[in-house]
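Every read-out reported here was derived from the displayed coordinates using simple, explicitly stated rules and does not represent laboratory data. Keep in mind that what you see is a predicted model, and the values were worked out from it rather than measured. All Cβ positions, glycine included, derive from the backbone under ideal geometry; neighbour counts span all protein chains shown.
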Amino acid sequence: MPVKAEGVLSVDDRLINRRIVCERIKTVDSANYYNFSAGPAIMPRSVLARAREEMLSPGRSVMEISHRSDRFLSILDAAESGIRELLGVPQGYKVLFLQGGASLQFAMVPMNFLVSNRTADYVITGAWGTKALAEAKSCGEAREIFSTAETGFRSIPEEAELSFSPQASYAHYTSNETIDGVEFNYDLDGKAVPVICDASSNILSKPIDIEKYALLYAGAQKNIGPSGVTLVIIRDEMIAAAPTGLSPMLSYRSIAENRSMLNTPNTWGIYLVGLVCEWLRTQGGLASMKSKNERKAAVIYNAIDMSDGFYQGHAERHARSMMNVTFRLGSQDRETHFVSEAEAAGFHGLRGHRSVGGMRASIYNAFPHEGCEALAGFMQDFAQNNG
Ligand code: PMP
């Protein structure tokens, strides 16, 4: 059925149009194209369909309205309450939408909290934590209190292996290392030390105990929405403890006081965050995402484990990421061959990060289960033909 032209459409016509567009997008999605991109990553198809429709509806395009308008304020409310509801963020925390990516948080965190005479304790389990620590060191006395660098970032510490200094104004860790494919399966408890977490690549993939965190940040472009928005969830006490006198654009206090609108926020990105939250609710929330994500990851890890060593998983079993499955094939030539055959078969974005090579299948919330099954089948065939 053709989509009726815009103009004098009745409400029913609009609904029918939306349904046709959604169906078309579903068809494209189920064609043989699987997007394993590590981020910016696959978005829920129905969110894109709705955004496309609303973008072209007169008076409804969020790109074309003031961020001070009532309509945008209700979009901001929806995004904030969506995040609060999904993650169970209580009163006593602010939910902020910043720009500058997670990388700016690497700098803002120490600028705001690494005050003189205090230290900051960093737990390093991969490439992103390493970057965060380097930024913090340029601000003050940041210490690496634990690192798996020597063994190639394959594991995650037991909680009992970590102890934080009483001098630390915070402890920082990365809950999922996107490049290395290792993930904490617990919320780190800093006891007396406030915990700050980079959750860029596993936020909203499972329930977490948000009250364990003093500050949690995440670039949106994996599980929350498009690139260009950074989610920050911060305890009020942290804001109260932050120094005055910082440039307002770098100060959590000023940003919170101005409800993320010191300047023009990423209105389009925040709008999409709200839609993604709505989609997650229809999927049954984070407990349901957790079990779906575990089942998806198990399909690919199983293909690795059943391959008699043809595929070698990078992470130790206890540390395996549910979001980024990293593996190698023994030689560069074989990996290049794998990538080119995979692409020809419709599996895109499987090449590992340029800094480490190998393969990486990123399977965030919006990635479909059948894509994991299809990749596992392809891996089995490839191993049979090339083993
Ligand atoms: N932390 C993690 C865990 C990441 O995966 C990334 C990037 N993908 C970053 C930080 C940096 O994010 P950004 O590009 O938004 O600065």
**Request:** Mind listing the long-range amide H neighbours of residue 119? Cut-off is under 5 Å, sequence gap 5 or more, other chains count too, H placed in the peptide plane at 1.01 Å from N.
**Result:** 168, 169
**Message:** On a 21 Å Cα-Cα criterion, which of the cross-link pairs 131/290; 131/296; 94/290; 212/290; 212/292 come out too long?
**Reply:** 131/290; 131/296; 94/290; 212/292
**Message:** Looking at the chain as a GNM with Cα springs under 10 Å, which of 225, 92, 358 has the largest mean-square fluctuation?
**Reply:** 92
**Prompt:** In the range 312-383, what trypsin sites (Lys or Arg not before Pro) fall in a loop by DSSP, with at most 14 other Cβ atoms inside 10 Å?
**Reply:** 354
**Request:** Using θ = phi - 60° and the Karplus relation 6.51 cos²θ - 1.76 cosθ + 1.60, list the HN-Hα couplings for the range 74-90 in order, rounded to whole Hz, with x at every Gly or Pro.
**Result:** 6, 5, 4, 4, 5, 5, 5, 6, x, 5, 4, 5, 5, 8, x, 7, x
**Request:** Using a Gaussian network model of the chain whose springs link C-alpha atoms within less than 10 Å, name the residue from 191, 222, 137 with the highest mean-square fluctuation.
**Result:** 191
**Fill in**
Checked the range 123-184 with the C-alpha gyration tensor, a ≥ b ≥ c its square-rooted eigenvalues, rounded below a/c of 1.5, otherwise prolate if a/b is larger than b/c and oblate if not; verdict oblate
**Karplus-derived HN-Hα couplings along the range 135-152 (A = 6.51, B = -1.76, C = 1.60, θ = phi - 60°), whole Hz, x at Gly and Pro** = 5, 5, 5, 6, 9, x, 7, 9, 10, 8, 9, 7, 8, 9, 4, 4, 9, x
**Prompt:** When the dipole is taken about the Cα centre of the range 48-282, and only Lys, Arg (+1) and Asp, Glu (-1) are charged at their Cβ, what size is it in debye, to the nearest 20?
**Reply:** 620
**Request:** Give me the distance between the Cα centres of the range 139-169 and the range 317-387, rounded to whole Å.
**Result:** 30
**Message:** Below 15 angstrom from the Cβ of residue 91, what's the summed charge of the other residues (Lys, Arg +1; Asp, Glu -1)?
**Reply:** -2
**Message:** Running a GNM on the chain with Cα contacts under 10 Å, which residue among 207, 248, 110 ends up with the highest mean-square fluctuation?
**Reply:** 248
**Asked** If each residue's Cβ is checked for other Cβ atoms within 10 Å, how do 172, 353 rank with the fewest at the top?
**Response** 353, 172
**Item:** Whole-Hz couplings from phi, Karplus 6.51/-1.76/1.60, listed for the range 102-119; x for Gly and Pro
**Value:** 5, 4, 5, 5, 4, 8, 5, 4, x, 4, 8, 10, 8, 7, 5, 6, 10, 10
**Request:** Give the long-range amide H neighbours of residue 347: residues separated by 5 or more places, or on another chain, with amide H under 5 Å away, using H modelled in the peptide plane at 1.01 Å from N.
**Result:** 34
**Message:** To make sure I understand, if each residue's beta carbon is the centre and we count other beta carbons within 10 Å, what order do 290, 206 fall in, fewest to most?
**Reply:** 290, 206
**Complete:** Contour minus Cα-Cα span, residue 191 to residue 336, at 0.36 nm per residue, comes to 47.6 nm
**Request:** Decide, for the range 48-282, between rounded, prolate and oblate: order the square roots of the alpha carbon gyration tensor eigenvalues as a ≥ b ≥ c, take rounded if a/c falls under 1.5, and otherwise choose prolate if a/b is larger than b/c, else oblate.
**Result:** prolate
**Request:** Quote to one decimal, in nm, the extra length available between residue 212 and residue 373 on full extension: 0.36 nm per residue of separation minus the C-alpha distance between them.
**Result:** 54.4 nm
**Cα gyration tensor shape for the range 322-362, rounded if a/c is under 1.5, else prolate or oblate** = oblate
